[in-house]
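The values are calculated or read from the model by the stated rules, or taken from the named source; none is laboratory data. Predicted model only: the values in this text are computed from it and were never measured. Cβ atoms come from the backbone with ideal geometry, glycine included; neighbour counts cover every protein chain shown. Remember, those area values only see protein heavy atoms, side chains included, never the ligands or the DNA or RNA. Shrake-Rupley method; radii C 1.70, N 1.55, O 1.52, S 1.80 Å.
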Amino acid sequence: MYAIVSTGGKQYKVAQGDIIDVEKLDAQPGDKVSLDVLMLNDGQNTVVDAAALADKKVTAEVLKQFKADKVIIFKFKKRKRYQRKRGHRQNLTRLQVVELPVQEAAQSAEA
């Protein structure tokens, strides 16, 4: 059983117990956060109906707030003596999926 969730403008495929790194969320370690569900699959049934999934949420626990590895941005224009070197470290939140929505939505959507 897995779900496709959306957070920070990105989509993630998650199952129960998965650990994912997402864009920084305003939550402290130990807090529970809920993520919007875009698709739900139990191995036999797949639900993609927005109306059926409107009230479904995936619950995840915040494990830690951290910064990603540094990414080097290097700009260069040949023969113009132009070069710039910058670094960037994105703020991230590590989540562990605690609970997926109940699959009865898939059976009611088919009925």
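Summary of values
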item: The range 64-98: number of residues that are within 26 Å of Ile19 (Cβ to Cβ), open to solvent by 100 Å² or more (accessible area, probe 1.4 Å) and touching a strand residue (DSSP E or B) at 6+ places or on another chain (Cβ under 8 Å); result: 3
item: Condition met for Asp49 (in contact with a helix residue (DSSP H, G or I) (Cβ under 7 Å, 6 or more places away or on another chain) and of a type in the set (D, E, K, R)); result: yes
item: Residue match in the range 19-37 (condition: surrounded by 17 or more Cβ atoms within 10 Å (Cβ to Cβ) and in contact with a helix residue (DSSP H, G or I) (Cβ under 9 Å, 6 or more places away or on another chain)); result: yes
item: Number of positions in the range 1-44 that are of a type in the set (A, V, I, L, M), farther than 22 Å from Lys67 by Cβ and assigned to a strand (DSSP E or B); result: 8
item: Output for the range 9-18, where each listed residue is open to solvent by less than 50 Å² (accessible area, probe 1.4 Å) and either modelled with pLDDT under 95 or small (Gly, Ala, Ser) (or both); result: Ala15, Gly17
item: Among the candidates Gln96, Gln28, Gln11, Gln16, residue that is closer than 18 Å to Met1 by Cα and free of Cβ contacts under 8 Å to residues at least 60 places away in the same chain; result: Gln11
item: Some residue of the range 45-63 being assigned to a strand (DSSP E or B), open to solvent by 40 Å² or more (accessible area, probe 1.4 Å) and without any contact (Cβ under 8 Å) to a residue 40 or more places away in the chain; result: yes
